[in-house]
Amino acid sequence: MDITQTAAIVTGGASGLGAATARELAAAGAKVTLFDRDRARGEELAAEIGATFAEVDVTDEASIKAGIAAAVKAMGKVNALVNCAGIAYAIKTVGRDGAHPLDAYRRTIDVNLVGTFNCIRLVSEVMAGNEANADGERGAIVNTASIAAFDGQKGQVAYAASKAGVVGMALPIARDLASLGIRVNTIAPGIFLTPMLMTLSEEARTALAADVTFPKRLGQPEEYGKLARFMIECAYLNAESIRIDGALRMR
């Protein structure tokens, strides 16, 4: 897909990996609409990069549909979707406070897994109406999993389960959407310098980076953004899950 002909929705686009992806796509010439619940940060970034912002809750169908309508109005079409919206809790199955709260588990699954699928199903329905390019392509979707999907640590049961679901649904969705000319790929990032990690001390961040094989540092959100752009541009990449983690294997 020609990035200069791309009209992309980025969920969780107001900060972290989503914001880095939005910046990367906009700088390359794509049109971008940010979906996020944080209106203040979303509107600020949209103004900075020449994008559109829509306040969207990925767990709510009506909210997503309203966001898609705003995106189509602003960009003329939607032919790319990057799902970055997500949450994480650090809770053991049984810990000092007892059993893992079920509402926290359900909320994690609802946002990370159901929310991702919610956006996929509604955006791909719109993509299906696009005019196909020379490859017969009408859209490209990039989902965000995590290396926790493969080797989740203690306290990550809800997060790991949600991200394993994101990995697991990529192939069947790619097969479902193949006849419509829509590709689906997944990025599984390791430990990245997102706003949440930036709240940690330098000592704590250095300790986290110590287990990374090479390069011995945490990931930069811009590196995620570049991979997301590649997945949109590379027409022959489909139904793949790619780790971007400096060869980190959590234990």
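The values are calculated or read from the model by the stated rules, or taken from the named source; none is laboratory data. Just so it is clear, the model here is predicted, and its values are computed rather than measured. Reconstructed Cβ throughout: ideal geometry from the backbone, glycine too, with neighbour counts over all protein chains shown.
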(request) State which residue is modelled with the lowest pLDDT when the search covers only segment 116-153 and only residues that are charged (D, E, K, R) and closer than 30 Å to Gly219 by Cβ. (result) Asp151
(request) For Val184, state whether it is in a loop (DSSP other than H, G, I, E, B), crowded, with 18+ Cβ neighbours inside 10 Å and of a type in the set (Val, Ile, Thr). (result) no
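Under the condition of being of a type in the set (S, T, N, Q) and farther than 30 Å from Ile182 by Cβ, which residue from segment 201-251 is modelled with the highest pLDDT?
Thr213
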(message) Suppose the filter is under 23 Å from Ala14 (Cα atoms), touching a residue at least 12 places away in the same chain (Cβ under 8 Å) and touching a Cys at 6+ places or on another chain (Cβ under 9 Å); does Ala188 pass it?
(response) no
(message) Every residue in segment 28-43 that is more than 14 Å from Thr11 (Cα to Cα) and exposed (fewer than 14 other Cβ atoms within 10 Å of the Cβ), please.
(response) Gly29, Ala40
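Would you call Leu171 modelled with pLDDT under 95, surrounded by fewer than 20 Cβ atoms within 10 Å (Cβ to Cβ) and not aromatic (Phe, Trp, Tyr)? Talk me through it step by step, then tell me what you get.
Numbers: modelled with pLDDT under 95: no; surrounded by fewer than 20 Cβ atoms within 10 Å (Cβ to Cβ): yes; not aromatic (Phe, Trp, Tyr): yes.
No: the conditions fail for Leu171.
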(message) Being crowded, with 17+ Cβ neighbours inside 10 Å, over 22 Å from Ser146 (Cβ atoms) and touching a helix residue (DSSP H, G or I) at 6+ places or on another chain (Cβ under 7 Å) is the filter here; which residues of segment 65-115 pass it?
(response) Ile68, Val78, Asn79
(request) Test Tyr236 against the criterion of being assigned to a helix (DSSP H, G or I) and of a type in the set (Ser, Thr, Tyr), and give yes or no. (result) no
(message) Being β-branched (Val, Ile, Thr) and either crowded, with 19+ Cβ neighbours inside 10 Å or touching a Phe, Trp or Tyr at 6+ places or on another chain (Cβ under 7 Å) (or both) is true for just one of Val166, Val212. Which residue is that?
(response) Val166
(message) If Arg107 satisfies all but one of (1) outside any strand (DSSP E or B); (2) within 14 Å of Thr11 (Cα to Cα); (3) not polar (S, T, N, Q), what's the number of the condition it fails?
(response) (2)
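Tyr236 - would you say it is touching a residue at least 60 places away in the same chain (Cβ under 8 Å), within 25 Å of Ala28 (Cα to Cα) and hydroxyl-bearing (Ser, Thr, Tyr)?
So Tyr236 fails the test.
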(request) For residues that are over 14 Å from Gly181 (Cα atoms) and in contact (Cβ under 8 Å) with a residue 24 or more places away in the chain, tally how many sit in segment 121-165. (result) 23
(request) Within segment 191-209, work out how many residues are in contact (Cβ under 8 Å) with a residue 24 or more places away in the chain, crowded, with 16+ Cβ neighbours inside 10 Å and out of contact with any Asp or Glu (no Cβ under 9 Å at 6 or more places or on another chain). (result) 2
(message) Restricting to segment 128-151, and then to whatever is more than 18 Å from the chain's Cα centre (by Cα) and not charged (D, E, K, R), can you tell me which residue is surrounded by the most Cβ atoms within 10 Å (Cβ to Cβ)?
(response) Asn130
(message) Scan segment 9-16 and tell me whether some residue there is free of Cβ contacts under 8 Å to residues at least 60 places away in the same chain and buried (at least 23 other Cβ atoms within 10 Å of the Cβ).
(response) yes
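A quick yes/no check of all residues on (1) among the β-branched types (Val, Ile, Thr); (2) part of a loop (DSSP other than H, G, I, E, B):
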{"residue": "Val32", "(1), (2)": "yes, no"}
{"residue": "Arg41", "(1), (2)": "no, no"}
{"residue": "Glu44", "(1), (2)": "no, no"}
{"residue": "Ala47", "(1), (2)": "no, no"}
{"residue": "Phe53", "(1), (2)": "no, no"}
{"residue": "Asp57", "(1), (2)": "no, yes"}
{"residue": "Ile64", "(1), (2)": "yes, no"}
{"residue": "Ile68", "(1), (2)": "yes, no"}
{"residue": "Ala71", "(1), (2)": "no, no"}
